[in-house]
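The values are calculated or read from the model by the stated rules, or taken from the named source; none is laboratory data. All values reported here derive from a predicted model rather than from experimental measurement. Glycine also receives a Cβ, built like all others from the backbone with ideal geometry; neighbour counts cover every protein chain displayed.
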């Protein structure tokens, strides 16, 4: 016989999460924006692999044969210019400013490396994924431009 599961208190009666606990819950792979973007690309009829380690920057979605890659960036983590989701941290500013700048520089170098090796690269932002129509427009435009270049 199984032991009963412990009762989980309602959120208002539990102690608030520590900063460490909050940060530990943030995933780097298979996030909701990635899953939604993958579903939208698949619905357009394109096939891909996820997190292709053999390509610079481990693109979130990529097709090595067709030579395209898509990165799904979180607005905060990749400092999306002009986006309300890309807030400036209020505490420990020195650390966060440097970290977010390193993220931007690394993103730019990985995208440049992919482009130099003949890949078409699209960056999809978290705020675009939240608006399904924006995501669809961005994906259709990307794949339409690719098909024009191929002809």
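Summed over the range 13-50, residues that are in contact (Cβ under 8 Å) with a residue 24 or more places away in the chain, part of a loop (DSSP other than H, G, I, E, B) and farther than 16 Å from residue 77 by Cα total 2. Quick one: would you say residue 141 is out of contact with any strand residue (DSSP E or B) (no Cβ under 6 Å at 6 or more places or on another chain), closer than 23 Å to residue 38 by Cβ, assigned to a helix (DSSP H, G or I) and free of Cβ contacts under 8 Å to residues at least 24 places away in the same chain? Yes. When you look at residue 79, is it assigned to a loop (DSSP other than H, G, I, E, B), touching a residue at least 24 places away in the same chain (Cβ under 8 Å) and more than 30 Å from residue 147 (Cβ to Cβ), yes or no? Considered against the rule, which asks whether it is assigned to a loop (DSSP other than H, G, I, E, B), touching a residue at least 24 places away in the same chain (Cβ under 8 Å) and more than 30 Å from residue 147 (Cβ to Cβ), residue 79 comes out as yes. Exactly one residue out of 50, 134 is surrounded by 13 or more Cβ atoms within 10 Å (Cβ to Cβ), modelled with pLDDT under 95, farther than 28 Å from residue 19 by Cβ and touching a helix residue (DSSP H, G or I) at 6+ places or on another chain (Cβ under 9 Å): that is 134.
For every residue, the table says whether it meets (1) in contact (Cβ under 8 Å) with a residue 12 or more places away in the chain; (2) assigned to a loop (DSSP other than H, G, I, E, B); (3) more than 25 Å from residue 19 (Cβ to Cβ); (4) touching a strand residue (DSSP E or B) at 6+ places or on another chain (Cβ under 9 Å).
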position: 65; (1), (2), (3), (4): no, yes, yes, no
position: 91; (1), (2), (3), (4): no, yes, no, no
position: 98; (1), (2), (3), (4): no, no, no, no
position: 101; (1), (2), (3), (4): yes, no, no, no
position: 108; (1), (2), (3), (4): no, no, yes, no
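Scanning the range 78-113 for residues that are more than 16 Å from the chain's Cα centre (by Cα) and closer than 20 Å to residue 61 by Cβ gives 109, 112, 113.
Checking each residue in the range 114-131 for being within 13 Å of residue 67 (Cα to Cα), surrounded by 13 or more Cβ atoms within 10 Å (Cβ to Cβ) and touching a residue at least 24 places away in the same chain (Cβ under 8 Å) picks out 114, 119, 120, 121, 122.
Among the residues of the range 58-77, those identified as surrounded by fewer than 19 Cβ atoms within 10 Å (Cβ to Cβ) and either under 16 Å from the mean Cα position of the chain (by Cα) or more than 22 Å from residue 143 (Cα to Cα) (or both) are 58, 76, 77.
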